[in-house]
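Take a look at the structure below.
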Amino acid sequence: MAVPISQAWTVATYVLKQKIKGRKRFPLVTMLEPLFRCNLACAGCGKIQYPAHILKQELSPDECFRAVEESGTPMVSIPGGEPLLHPQIDKIVEGLVARKKYVYMCTNALLLKEKLHLFKPSKYLSFSVHLDGQREHHDFSVCREGGYDIALDGIKAAIAAGFRVTTNTTLFDGADPNSVRAFFDELMEVGVEGMMVAPGYTYEKAPDQKHFLGRARSRRLFRSILSNRKTTWKFNASPMYMEFLMGKREFACTPWGMPAYSVFGWQKPCYLLQDGYADTFQELIDTTDWSNYGTESGNPKCANCMVHSGYEASGVYYTFGSLRGLIDTAMAVFFDKYEDRGALDLLNEPVKPVHSFNPLIQIETKVNVVERQGTTA
């Protein structure tokens, strides 16, 4: 099992307690964004277009702790921006670990090796390294040559130092399923604890709008990648969510499952969409018209979304929502090869990866602009 038993037990008991209390809407993971600054400017990212005065802002450790305590989730994901640019990120992580929250610190790992000494290995802390595939594909996705090699060095250093390390991979149109499967092999050989994979979300502000996957293409791609699995592969994701990606299940979105807190407050309705902000988590729950979101709502912004921040919680809630859900999840855990002859045929189809016919564009990050204006990152 990629997820430690203690973490799985904590999440299971948390969800069951919420069910017993009769809560219809409760979060699973707090998406804590302590800053938006980044040392990359990925073409498919919607978080890089803020003006310089916003990129200078950051949450204090106490603000982070209050938000996490307010939501009450057992797990905290720290995306951004690049969290390692935050001058007090070690204090934030230390405080969350002391509160026995399972922390996934998302990072592109460009600074991981040099900042590793700031942290202590713990079962409550995992570095979730963003890698979008093998070397060529990752460097193209993040618009930086050499990014893959630096990230891999950081992963190896963290594992050698005794840290938990997982990976987070976002796939776009043109992804080569054979390359992704080979990439899984590479990560397992390095010693990564578990892998998470999802299709990219069509952020309105992303510079590259041409390579996002629609739902039909996403399911076709993930069927070819996740069927006929190797026994060595370990995934850091709900088995039900992965079946959803493969087109084996239909779930409604759970936009409140992974609420996002940043310098603006609680983001409505979810990590992916910005339709306003709330001052408190309860205000977020009470004042958001949830019927306006999710594929079933007809909202065009949600039409092609299959991202884990909307559907991972749906899979977890399904698992603990009924005896059928528990049985289905157990079957997925113990019979996880998913033999599929048709999926093997898909692997034999010709694929032309995006990086094979598009040049890698080095995009200047706004954090560099901020630094030139005298702000240290």
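A few remarks follow.
- Relative to the 2.2 N^0.38 Å rule of thumb, region 106-229 has a C-alpha radius of gyration ratio of 1.09.
- Legend: residue pairs LYS21/LYS123; LYS115/LYS248; LYS100/LYS156; LYS113/LYS268; LYS19/LYS101, Cα-Cα distance threshold 31 Å; pairs beyond threshold, LYS115/LYS248; LYS113/LYS268.
- GLY194 long-range amide H proximity, modeled H, under 5 Å: THR167
- Among the chymotrypsin sites (Phe, Trp or Tyr not before Pro) in region 147-186, none is located in a DSSP loop while being surrounded by at most 14 other Cβ atoms within 10 Å of its own Cβ.
- Cβ-defined net charge surrounding MET242, 10 Å radius [Lys, Arg +1; Asp, Glu -1]: 0
- For the chain, relative contact order (Cα pairs under 8 Å, six or more residues apart, normalised by length) works out to 21 percent.
- Coupling constants for region 26-32 follow from the phi torsions by the Karplus curve (6.51 cos²θ - 1.76 cosθ + 1.60, θ = phi - 60°), and in residue order they are 9, x, 10, 9, 8, 8, 9 Hz; glycine and proline get x.
- Highest GNM mean-square fluctuation among GLN282, GLN134, GLN88, for the chain modelled with Cα contacts below 10 Å: GLN282.
- Reciprocal of mean inverse Cα separation for the chain (Kirkwood radius, Å): 21.0
- Under 12 Å, Cβ to Cβ, from SER77 - net charge with Lys/Arg +1 and Asp/Glu -1: -1
- The HN-Hα couplings worked out from phi for region 281-295 by the Karplus form 6.51 cos²θ - 1.76 cosθ + 1.60 (θ = phi - 60°) are 5, 5, 4, 4, 5, 7, 9, 8, 7, 5, 5, 7, 10, x, 4 Hz, whole numbers, x standing for Gly and Pro.
- Of the GluC sites (Glu not before Pro) in region 220-303, the ones in a loop by DSSP (not H, G, I, E or B) with at most 16 other beta carbons within 10 Å are GLU250.
- Within the chain, helix-based [θ] at 222 nm, where runs of 4 or more DSSP H residues each add -39,500 (n - 2.57), nearest 500: -11500 deg cm²/dmol
- Shown here for region 107-162: trypsin sites (Lys or Arg not before Pro) in loop regions (DSSP other than H, G, I, E, B) with at most 12 other Cβ atoms within 10 Å, namely LYS123.
- Seen from SER122, the other residues with C-beta closer than 13 Å to its C-beta sum to a net charge of +4, counting Lys and Arg as +1 and Asp and Glu as -1.
- About the centre of its Cα atoms, the chain shows a dipole size close to 800 debye [charges on the beta carbon of Lys, Arg (+1) and Asp, Glu (-1) only; nearest 20 debye].
- Distance distribution P(r), region 1-121, all Cα-Cα pairs, bin width 10 angstrom from 0: 12, 39, 33, 14, 2 percent.
Bear in mind these aren't lab numbers, they're just calculated from the coordinates by the rules spelled out. Predicted model, so just to flag it, every value in this text is computed and none were measured. So basically every Cβ, Gly included, is an ideal-geometry build from the backbone, and we count neighbours across all protein chains shown.
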